[in-house]
Amino acid sequence: MDCLFCKIIAGAIPSTKVYEDEFVYAFKDINPIAPVHILFIPKTHISGASAVTAENAEVVGKIFTAIAKVAAELKLESGFRVVTNCGEDAGQTVPHLHFHLLAGKPMGWSAESGV
Ligand code: AMP
Ligand code: ZN
């Protein structure tokens with residue numbers, strides 16, 4: 001499949017791995033917008049949040065479990081943000097479901113900037 005993140009999971013494109021289990025892969029974002037910027041993706045191809053269904057939703061819980069584990073390991077005690085962009089208006093650029101873990105600085109909140 002011609003999907004950037006499927007290629008990263010397969011090892012065909014290099015990435016800096018932060019976490020991996022049977023269902024989830026996490027790696028450093030190549031263009032970080034916060035001191036901590038990690039992407040969490042399912043190992044199965046799901047195109048985005050709008051493609052989550054009763055049949056494939058279990059992996060979303062596994063991703064959030066992985067996020068909590070990594071946040072604890074990185075001692076993100078002062079807080080973190082989890083973001084998923086879905087579709088054009090939200091600025092989704094890679095059509096494989098991914099959750100951004102952002103941390104390491106105080107973050108504002110607006111629909112325009114996100115961070
Ligand atoms: P989004 O804009 O929400 O679809 O997020 C896609 C993210 O993937 C962006 O933050 C990019 O910086 C990141 N990205 C794109 N290519 C790579 C890559 N090869 N390795 C790591 N992160 C990437
Ligand atoms: Zn994919």
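Could you please let me know if A66 is loosely packed, with under 12 Cβ neighbours inside 10 Å, over 25 Å from A111 (Cα atoms) and small (G, A, S)? Talk me through it step by step, then tell me what you get.
Details: loosely packed, with under 12 Cβ neighbours inside 10 Å: no; over 25 Å from A111 (Cα atoms): yes; small (G, A, S): yes.
The answer is no for A66.
Filter segment 1-20 down to residues that are among the β-branched types (V, I, T) and part of a loop (DSSP other than H, G, I, E, B) and give me whichever is nearest to the chain's Cα centre (by Cα). I'd like the intermediate steps shown before the answer.
Keep residues of segment 1-20 that are among the β-branched types (V, I, T), which gives 8-9, 13, 16, 18.
Filter once more, keeping what is part of a loop (DSSP other than H, G, I, E, B): 13, 16.
On the way: I13: 17, T16: 13 Å.
Residue satisfying both the conditions and the ranking: T16.
For the structure I just gave you, tell me whether L74 is free of Cβ contacts under 8 Å to residues at least 60 places away in the same chain, within 16 Å of F27 (Cα to Cα), surrounded by 15 or more Cβ atoms within 10 Å (Cβ to Cβ) and among the hydrophobic types (A, V, I, L, M, F, W, C). Lay out the reasoning, then the answer.
Details: free of Cβ contacts under 8 Å to residues at least 60 places away in the same chain: yes; within 16 Å of F27 (Cα to Cα): yes; surrounded by 15 or more Cβ atoms within 10 Å (Cβ to Cβ): yes; among the hydrophobic types (A, V, I, L, M, F, W, C): yes.
In short, yes.
Scan segment 1-29 and report the pairs whose first residue is under 21 Å from K62 (Cα atoms) and among the basic types (K, R) and whose second residue is within 12 Å of ligand 1 (Cβ to nearest atom) and not in a strand (DSSP E or B), with Cβ atoms within less than 9 Å and a gap of 6+ or a chain change.
Sorted first by the residue in segment 1-29, then by its partner, the pairs are K7/I13; K28/S15; K28/T16.
Within segment 2-17, can you find the residues that are more than 8 Å from ligand 2 (Cβ to nearest atom) and of a type in the set (A, V, I, L, M, F, W, C)?
Selection gives I8, A10, A12, I13.
Tell me whether segment 37-55 contains one or more residues that are farther than 15 Å from I8 by Cβ, buried (at least 16 other Cβ atoms within 10 Å of the Cβ) and in contact with a helix residue (DSSP H, G or I) (Cβ under 8 Å, 6 or more places away or on another chain).
yes
How many residues are surrounded by fewer than 17 Cβ atoms within 10 Å (Cβ to Cβ) and in contact (Cβ under 8 Å) with a residue 24 or more places away in the chain if we restrict to segment 85-101?
Within segment 85-101, the subset surrounded by fewer than 17 Cβ atoms within 10 Å (Cβ to Cβ) is 86-91, 93-95.
Of the ones still in play, those that are also in contact (Cβ under 8 Å) with a residue 24 or more places away in the chain are 86-87, 94-95.
Summing the residues that are surrounded by fewer than 17 Cβ atoms within 10 Å (Cβ to Cβ) and in contact (Cβ under 8 Å) with a residue 24 or more places away in the chain in segment 85-101 gives 4.
No lab work stands behind these numbers, since they all come straight from the coordinates. Bear in mind the structure is a predicted one, so any value in this text is a computation, not a measurement. Cβ coordinates were reconstructed from backbone atoms using ideal geometry, including for glycine residues, and neighbour counts include every protein chain displayed.
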